[in-house]
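This report refers to the structure that appears directly beneath it.
Laboratory data are not the source of any read-out in this text; all were calculated from the coordinates shown. A quick note: this is a predicted structure, and the numbers were derived from the prediction, not measured. Glycine gets a Cβ as well: all are built from the backbone with ideal geometry, and neighbour counts include every protein chain shown.
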Amino acid sequence: MSDVRVFDEPATDNRLDDMKQGVLGKPLDRPDGPVKVAGAAPYAAEYDLGECVEGVLVTAPFARGQITAIDKASVLDMPGVIAVLDDPRMITRPAQGTAGEAPKQKPGQVDYFGQPIALVVAETFEQARDAAKHLAFEYDADDNSEIPFDPATAETEESDGATRKGDLAKAMSDAAHSVDLIFTTEGHNSAAMEPHAAMAEWDGQKLTVHAALQMLNYNHGELADAVGLPTEQVRILARYVGGGFGSKLGVSPETVAASLAAMELGRTVRVVMSRQQVFQDVVRRSETKQRLRLAAGADGRLIGLGHEARTSNLPGEGSAEPVVQATAYLYPGENRVLAVENATVHRMTAGSVRAPGEAVGMQCLEAAMDELAEAMDIDPIELRLRNIPDEHPGDGKPYSSRRYAECMREGAKAFGWDSGNTSGVWTDGPRKPRQQREGDWWIGTGMAGATRIHLVGRAEARVTLKADGTALVETDMTDIGTGTYAILNQMAGEMLGLPAEKVLVDLGDTDHPYGPGSGGSWGASSSGSAVYQTCDMIRDDIARKVNADAATLEFKDGMVRWPEGEKSLVDIMGGEDIVHQVRFKPGKAFEDYATASYGAFFAEVAVNRWTGETRVRRMTGAFGFGRVLNPKTARSQCIGGMVWCIGSALTEALHFDPVDGHLVNCDLAEYHVPVHRDVPHMDVLLVEERDAHGSPIQAKGAGELGLCGGAGAIANAIYNACGVRMHDFPMTPDRVM
Ligand code: MOS
């Protein structure tokens, strides 16, 4: 039986809190953990599919122009070489998942340095790589001096959805306290551990592709489109994905290339991007330039709020990093300007990188709030507490649950936040920089608010309660390292009264029902709701079978109890399976509310007085995102986000050559993500709540919240340590000096 459930009524059912199995909300270990640690979990390139040939992408050594000829003969005689493919369908920009369709390019058209132009297929990887290096081709490249590379001077277009209300300039001049600041952030790469990779098989009828992707339902249509097959003839599998962070939302060139090669050659083809290709060819986060204007009355309440950003993307790409997304609902101010202008540059496509918008928008907004608090001589937490709006300042929607104040208060307590100073002695005075030094190191603390919009999307799941008393959950939802296998196991286990080992969760297969995919922090609440509602149908069936009211049933360890009796599930099933499938869809309960997840960051840093080196010494994050399905996986998501805050604050930056537009630092040696040595102890507090508008299971998004603002806390701590206000991220030693 299948059913469609639209989320129109707020979720007031708190059954999940009182269920007997008691597995939901508990720190269940990830069922996929041991297989991954043992190296037994196959990632996209690791399937044993028998005989398999290897493809290596050839990329353009220029930024804009036209490939005019590819001399296939130049490599066809090389050892092991099977074919050179230059199918124009392969030479596409990466798709951007939810961000929208990439514009079609002319055959052979090159728009950025490093764009794939051909695929060389050989018997072994080494042979393919060697031939790829030697492939001869001709091209007409445009004169670099005529290509816009620099976002600061390139032409811009304003993104849709700008807000202009009241008179911000007047609010700024009327304000008792104000700041007007320019910040910059650099481009980022998702840098997932698993490179983009695909293995494709073609049997003449059906294309089967093992790929590293986040959103299979969407990727299914994209790939079918790209290779010209109906979706029924395409199957994508992504059982295990080694991180995505946005870079695997859309199908990227290696998956299309492997598929087209398999179809043309009738062989199984594997294409794995090199780390350099991952940096050159998958979506980047745009660099930003942000102007922040904050105008407050004498009472500390904002009367004016301006957040204007400049981002960049390739010509024809409609989407821009939504830098002001959180600013729109986080703080009040009747006089508002919120706008993003997008510059057209020839760099690889800009798209979603973990927490698109908030990640870089919040870190600048929250650094500006720190300066405003200083100008007013009040504690930065106090400033934020005075600026929690009653309703969405833009569209007037009511807020759903919002534990922003609680996160700041509880986080402050856990961190030992001292409004007076950092020495641990309460002085009741304003915080001042340069109050604490240990030898060569200035010590300081800083805080920042966190928020990320909450999204929930269509999700389907099929649950089979089997006659043997085990359950099978099937959906094409993915687990990109986030904990989906665990939380869907817990949801089914809780609803059906089964311990973890009796529930099998089968993900990452487009033959399964439509999952929401892993993106935008919507995965857990959306797919969790689909499993919850599907299991609810099974509970109703069980109730009918035992002639009891479903509301009175208790499920635990394979037993069902009701006021008049008890029976094992196996006995009730009587040799037959029960199968149900629900399609969950967001509705009015969600759409009519301003729903978001909230939090607060606290950081302590040491800044070397001679070198400007900054070490983060500890961090605390307090987060409220509705029901916590699994505190272990949720906490891991938060810690992961906070590690990204360190990268965004101190080290991560894409550098482009101003002369020919190539990405200079395209590997993990040159693009500096925080390593173990850079990451101190991190405390995560989960400030629980039930959000009736977040989803039917009262959960909201968690995956991206941990990096929405935390780099600002680190910047504020640097100022508190050494007295230097900086506005350019990352705050590398040369800038801190
Ligand atoms: Mo996320 S950047 O939507 O994977």
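Some notes on this structure:
- Residue range of the chain that is longest and free of GluC sites (Glu not before Pro) which are both DSSP loop and sparsely packed (at most 16 other C-beta within 10 Å): 156-333
- Label-to-label distance for Arg129 and Arg735 is 3.4 nm, based on points extended 7 Å past Cα in the beta-carbon direction.
- Cα Rg, Dmax (largest Cα-Cα span) when computed across the range 191-320, Å: 20.5, 73
- With R₀ set to 45 Å, the beta-carbon distance separating Asp140 from Val724 gives a calculated FRET efficiency near 0.40.
- Here the simple spin-label model places points 7 Å from the Cα toward Cβ, and for Asp29 and Arg275 these points are separated by 3.0 nm.
- Sites Thr184 and Asp299, calculated FRET efficiency, Cβ-Cβ separation with R0 41 Å, nearest 0.05: 0.80
- Taking all Cα pairs closer than 8 Å and separated by 6 or more residues, the relative contact order of the range 600-737 comes to 40 percent.
- One decimal place: the segment Glu438-Met78 gains 123.3 nm when fully extended, by the rule 0.36 nm per residue minus the C-alpha distance.
- Over all directions, the projected convex hull of the C-alpha atoms in the range 593-725 averages 10.8 nm² in area.
- Taking 7 Å steps out from each Cα toward its Cβ at Glu688 and Glu576 produces label points 3.9 nm apart.
- The charge dipole of the chain, taken about the Cα centre with unit charges on the Cβ atoms of Lys, Arg (+1) and Asp, Glu (-1), comes to about 1580 debye, rounded to the nearest 20.
- Taking every C-alpha pair closer than 8 Å and separated by at least 6 residues, the mean separation divided by the residue count of the chain gives a relative contact order of 18 percent.
- With loop membership from DSSP and a limit of 13 other Cβ atoms within 10 Å, the longest segment of the chain without chymotrypsin sites (Phe, Trp or Tyr not before Pro) is 1-425.
- Across all directions, the shadow cast by the convex hull of the range 282-370 built on its C-alpha atoms averages 5.7 square nanometres.
- Take the convex hull of the alpha carbons in the range 418-537; its mean projected area over all directions comes to 12.5 nm².
- Debye equation applied to the C-alpha atoms of the chain, log10 I(q)/I(0) at 0.06, 0.08, 0.10 Å⁻¹: -0.38, -0.67, -1.01
- Within the straight-line cut-off of under 18 Å between alpha carbons, the lysines reachable from Lys585 are Lys700, sequence neighbours fewer than 8 places apart in one chain being disregarded.
- The helix-only estimate of mean residue ellipticity at 222 nm for the chain, built from DSSP H runs of length n ≥ 4 each weighted as -39500 (n - 2.57), is -7000 deg cm²/dmol after division by the residue total.
- Sites Asp468 and Ser2, calculated FRET efficiency, Cβ-Cβ separation with R0 25 Å, nearest 0.05: 0.60
- Partner lysines for Lys20 [C-alpha distance under 18 Å; skip if fewer than 8 residues away on the same chain]: Lys502, Lys556, Lys567
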